[in-house]
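Notes for the one structure printed next.
The values are calculated or read from the model by the stated rules, or taken from the named source; none is laboratory data. Predicted model only: the values in this text are computed from it and were never measured. With ideal geometry, Cβ positions are generated from the backbone for all residues, glycine too; neighbour counts draw on all protein chains shown.
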Amino acid sequence: MTYTGVSGLDIRSPNGFEVCCQDTLCWNDALWVPSIISNKTDLTITLNVDSSCAEKKLIGLRYSNEILSL
């Protein structure tokens with residue numbers, strides 16, 4: 001993913017990104033898989049994607065900075 005219109009990315013945590021690789025079923029939150037940032041430059045991040053998405057088309061990418069506690 002490459003960001004434009006910014007001077008640099010401020011990554012405070014490698015967590016928060018999720019991908020969906022389940023065809024068109026991304027409406028279901030249970031199908032989203034956490035993905036951790038493995039590398040970054042000033043304008044680019046690289047995510048580690050779970051092996052359950054291997055050889056599947058990534059349908060969606062989302063980020064949430066919410067902190068949930070139970």
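Out of all the residues in segment 14-31, which are farther than 15 Å from Leu58 by Cα and aliphatic (A, V, I, L, M)? Once the filter is applied, which keeps residues that are farther than 15 Å from Leu58 by Cα and aliphatic (A, V, I, L, M), segment 14-31 yields only Ala30. Looking only at segment 32-48, count how many residues are surrounded by fewer than 17 Cβ atoms within 10 Å (Cβ to Cβ) and under 11 Å from Ile59 (Cα atoms). Number of matching residues: 0.
Please specify each residue of segment 52-70 satisfying the condition of being among the hydrophobic types (A, V, I, L, M, F, W, C) and either touching a strand residue (DSSP E or B) at 6+ places or on another chain (Cβ under 9 Å) or at pLDDT below 60 (or both). The answer is Cys53, Leu58, Ile59, Leu61, Ile67, Leu68, Leu70.
Selection of segment 1-21 for residues being within 18 Å of Ser64 (Cβ to Cβ) and out of contact with any Pro (no Cβ under 9 Å at 6 or more places or on another chain) yields Met1, Tyr3, Leu9, Asp10, Ile11, Arg12, Ser13, Pro14, Cys20, Cys21.
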